[in-house]
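Can you read through this structure? Questions will come right after.
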Amino acid sequence: RNVASAIWLKIEHSIPRQACGTRDTACIRIAAMFSMRLFGNPAFKSAVTCSVDAQQTRNVASLKVLKARMRSFNNMKKITKSMKMVAASKLKKDEMRMLTGMPFVKPVQDLFARLPREDKPGNTIYFGVTSDKGLCGGVNSAIAKMCRRGMAADEAAGNAAKYMGIGAKGSAALKRFYGDRFTTTFEECAKVPWTFGTASIIAEKIIATNPLKLRVCSNKFRSLVAYETQMAQVVTLNEAMTMDRAEFSKAMDVYSFEPSIYEVWNDLQEFYYAAVIHGLYLEGAVSEQSSRMAAMESASKNANEMLEKVSLVYNRARQAKITTELCEIISGASAV
């Protein structure tokens, strides 16, 4: 139809009005003669057939692409649903480990919480408790952001800041801009069951650095749907030695020590470091699994929504293709 219209316009503008009696009569005669030669040509028929076939091929290709996308979204939905079930299973184990371990950690934390805290200038070590795996929401990024802000604030005040931490995600988030502040990092701790012995090894590394101030950034478990990112100030050995003796005795006289507290203080300080790290890691592990459950549930929901949208587009394209084929069949039957 488009070809015939183009031919008619070209003939109409190329013939003067005086030729062949009238202009319209000449156009009709020449167009009829030209159309008979053109549409009777096998090459033109082949070109028209190839154009129709190409259009059908494009429709088939688009349907194949949509079918592949539907398959991808369906597989993604299955994977995220399975990861949610795995996280739920790990959550029960980590929560049981936290409930059995915190009663041994809480008394030591309460003991050192009685000591007075003073914010003195000096070098600070930031210790981040993160995980080795991702896909758990903003659990790790919140800790990295808190450590980054703390180090920037200390350096702006003229104090040196260093970083120590557990987990590969915290190191990866801070390595680009704060790689020169790293002292020691502990990765792949989750490959073996977490124990107090592992926390003691990390505590020995902290004592070897002899920090003036120690800040621990971690996630505190609240519930299955909530956690709190916090920065805790840990009393270091240097802070305890430079503390006012009257305030120190007032805080520690309610407890009885055998032998004297000054004789066992170094061992008690190491035990305190290990207890703090142990407790915070247990809470961080539970927060990680609960956040991963929520993230995987949200991912499954989003995959299901995308699957429904692509399925709607696929069904519309398939119905349009069927309708086009039916119209071609009916038109061919009418022509016969």
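The values are calculated or read from the model by the stated rules, or taken from the named source; none is laboratory data. Every value quoted in this text rests on a predicted model; they were computed, and no experiment measured them. FYI the Cβ positions are ideal-geometry reconstructions off the backbone, even for glycines, and counts take in every protein chain you see. The accessibility values were calculated without ligands, DNA or RNA, using every heavy atom of the protein model including side chains. Shrake-Rupley method; radii C 1.70, N 1.55, O 1.52, S 1.80 Å.
Going through Ser141, Ser89 one at a time, which residue ends up being assigned to a helix (DSSP H, G or I), of a type in the set (Gly, Ala, Ser) and under 22 Å from Met231 (Cα atoms)? Can you show your working first?
Values: Ser89 fails: under 22 Å from Met231 (Cα atoms).
Selected residue: Ser141, the only one of Ser141, Ser89 that is assigned to a helix (DSSP H, G or I), of a type in the set (Gly, Ala, Ser) and under 22 Å from Met231 (Cα atoms).
Please give the number of the condition Arg215 fails out of (1) in a strand (DSSP E or B); (2) open to solvent by 40 Å² or more (accessible area, probe 1.4 Å); (3) not aliphatic (A, V, I, L, M).
So Arg215 meets the others, but not (2).
Can you find even one residue in region 169-185 that is open to solvent by less than 40 Å² (accessible area, probe 1.4 Å) and in contact with a Ser or Thr (Cβ under 6 Å, 6 or more places away or on another chain)?
yes
Regarding region 146-153, can at least one residue be identified that is without any contact (Cβ under 8 Å) to a residue 60 or more places away in the chain and surrounded by 14 or more Cβ atoms within 10 Å (Cβ to Cβ)?
Yes: region 146-153 contains one or more residues that are without any contact (Cβ under 8 Å) to a residue 60 or more places away in the chain and surrounded by 14 or more Cβ atoms within 10 Å (Cβ to Cβ).
Residues checked against (1) surrounded by fewer than 17 Cβ atoms within 10 Å (Cβ to Cβ); (2) among the small types (Gly, Ala, Ser):
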site: Ala87; (1), (2): no, yes
site: Lys93; (1), (2): yes, no
site: Leu99; (1), (2): yes, no
site: Pro103; (1), (2): yes, no
site: Gln109; (1), (2): yes, no
site: Pro116; (1), (2): yes, no
site: Ser131; (1), (2): no, yes
site: Ser141; (1), (2): yes, yes
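Which of (1) farther than 24 Å from Arg117 by Cα; (2) in contact with an Asp or Glu (Cβ under 8 Å, 6 or more places away or on another chain); (3) buried (at least 17 other Cβ atoms within 10 Å of the Cβ) is the odd one out, the single condition Trp194 does not satisfy?
(2)
On the given criteria, is Tyr255 outside any helix (DSSP H, G or I), open to solvent by 80 Å² or more (accessible area, probe 1.4 Å), of a type outside the set (S, T, N, Q) and over 27 Å from Thr130 (Cα atoms)? First the steps, then the outcome.
Details: outside any helix (DSSP H, G or I): yes; open to solvent by 80 Å² or more (accessible area, probe 1.4 Å): yes; of a type outside the set (S, T, N, Q): yes; over 27 Å from Thr130 (Cα atoms): yes.
Criteria met by Tyr255.
Going by what's in this entry, would Arg292 be described as part of a helix (DSSP H, G or I), open to solvent by 60 Å² or more (accessible area, probe 1.4 Å) and in contact with a Leu (Cβ under 8 Å, 6 or more places away or on another chain)?
So Arg292 does not fit the description; no.
While we're looking at this one, here's another question. Restricting to region 189-221, and then to whatever is charged (D, E, K, R) and at pLDDT 90 or above, can you tell me which residue is nearest to Lys92 (Cα to Cα)?
Checked region 189-221; the qualifying residue nearest to Lys92 (Cα to Cα) is Lys220.
Residue-by-condition table, conditions (1) assigned to a loop (DSSP other than H, G, I, E, B); (2) closer than 21 Å to Pro116 by Cβ; (3) in contact with a strand residue (DSSP E or B) (Cβ under 7 Å, 6 or more places away or on another chain):
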| position | (1), (2), (3) |
| --- | --- |
| Ala208 | no, no, no |
| Lys220 | no, no, yes |
| Pro259 | yes, no, no |
| Tyr281 | no, no, yes |
| Ala285 | no, no, no |
| Glu297 | no, no, no |
| Glu305 | no, no, no |
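Which residue pairs have Cβ atoms closer than 9 Å, lie 6 or more positions apart in sequence or on different chains, and pair a first residue in region 119-137 that is in contact (Cβ under 8 Å) with a residue 12 or more places away in the chain with a second residue that is β-branched (Val, Ile, Thr) and assigned to a loop (DSSP other than H, G, I, E, B)?
Lys120/Thr242; Ile125/Thr236
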